[in-house]
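For reference, the structure discussed in these notes is given below.
The numbers here are math on the coordinates, done by the rules we state, and not lab data. A quick note: this is a predicted structure, and the numbers were derived from the prediction, not measured. Because the Cβ atoms are built from the backbone with ideal geometry, glycine has one as well, and the counts that use them run over all protein chains shown.
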Amino acid sequence: MFKQYIYPKQKTYVAADNHGKFERLKFELNKIKNCILIIAGDCGIGFRKEEDMDKSLKPLSEKCVKRNINLIMVRGNHDNPYYYNTKPLVYENFITIPDYSIVTVGETNILCIGGAISHDRKTRKFFDQKKLEDLMENEHLTEEEANKRLNKTYWADEIPFYNEQILEEINKKNIVITHVITHTSPEFCFRQGLEKIKMLLMSDPPLEKDINESRKVLTNVYNYLIKSGQKIKTWTYGHFHESNREIINGITFTCLINADNFFEYISLNTEI
């Protein structure tokens with residue numbers, strides 16, 4: 001069963017990849033107000049324990065209330081899936097949402113799907129394991145106890161997943177989807193090629209195949225939506241830390257640069 005979040009008709013913006021820089025995000029919220037802001041993954045949720053995150057997220061929530069902004073975070077590969085698909089975070093005017101959620105703004109429906117492959121996953125796994133072993137040795141903890149204390153930087157279930165059952169449920173409810181927000185992109189659009197991460201590919205041989213498979217998930221979603229007659233107007237994503245816009249088969253595909261570097265955000269047409 002998919003989640004649907006319903007809001008009155010208003011401006012809707014999308015940004016991506018703030019990587020846990022919540023103070024920076026809070027400052028950037030001064031640029032907008034009376035709207036919805038959706039972060040297309042790599043929000044930086046889960047790198048610290050819940051009580052520590054709360055110290056940053058509560059002031060962010062308060063800023064959202066003050067600016068009348070509803071902040072919605074989609075899962076990236078640099079986010080703990082637990083806080084999206086198992087126990088989403090709920091603050092006033094600020095939430096994390098499960099994959100395959102529908103955000104409805106007025107009569108406009110936005111499909112949101114998270115996940116991607118971390119290009120630096122081998123390094124992240126290595127340091128997570130090293131921190132785990134250090135905790136066990138220095139604190140005399142069992143592996144289970146150390147895992148509870150560990151602030152992870154990598155989650156094996158980071159990848160996007162294909163759920164045709166949910167897509168069918170959305171169709172059966174006659175929900176017309178006009179916008180899609182994901183963290184990575186279908187394989188046929190930007191960014192093509194893996195030249196920029198060739199050194200990482202050499203150190204992690206399965207990486208190329210896993211990246212291709214993860215993007216194929218989004219291609220499968222695209223194919224299903226088109227085959228089922230959905231009239232998609234825009235598809236917005238992040239992950240690649242570059243800014244790009246292209247039109248493919250009448251759909252505007254927009255890649256957003258990482259918001260922790262430059263706060264690029266676009267507006268979706270949700271006010272009609």
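Quick notes
- Magnitude of the charge dipole, the chain, Cβ model with Lys/Arg +1 and Asp/Glu -1, debye to 20: 980
- A Gaussian network model of the chain, with springs between Cα atoms under 10 Å, assigns the largest mean-square fluctuation among 173, 122, 63 to 173.
- With eigenvalues of the C-alpha gyration tensor scaled by 5 and rooted, the chain, Å: 30, 23, 17
- Distance in nm between pseudo-label sites at residue 30 and residue 249 (7 Å out along the Cβ direction from Cα): 4.4
- Label-to-label distance, residue 269 versus residue 228, with points set 7 angstrom from Cα along the beta-carbon direction: 2.3 nm.
- Cα-Cα over 24 Å, subset of 130/196; 26/148; 3/66; 49/130; 3/172; 209/233: 130/196; 26/148; 3/66; 209/233
- Modelled this way, with points 7 Å down the Cα-to-C-beta line, the labels at residue 171 and residue 152 are 3.4 nm from one another.
- Rounded, prolate or oblate (a/c below 1.5 giving rounded, otherwise prolate when a/b exceeds b/c) for the range 143-271 by Cα gyration tensor: prolate
- Sequence-ordered 3J(HN,Hα) estimates for the range 136-150 from the Karplus curve with 6.51, -1.76 and 1.60 and θ = phi - 60° stand at 4, 6, 6, 9, 6, 9, 6, 4, 5, 5, 5, 4, 5, 8, 6 Hz, glycine and proline given as x.
- With the helix formula -39500 (n - 2.57) applied to DSSP H stretches of n ≥ 4, the chain reaches a computed 222 nm mean residue ellipticity of -10000 deg cm²/dmol.
- Efficiency of FRET from Cβ geometry, residue 261 and residue 191, R₀ 25 Å, rounded to 0.05: 0.95
- Straight-line reach from residue 31: taking Cα to Cα under 18 Å and skipping same-chain neighbours fewer than 8 places apart, the aspartates and glutamates in range are 17, 23, 62, 260, 264.
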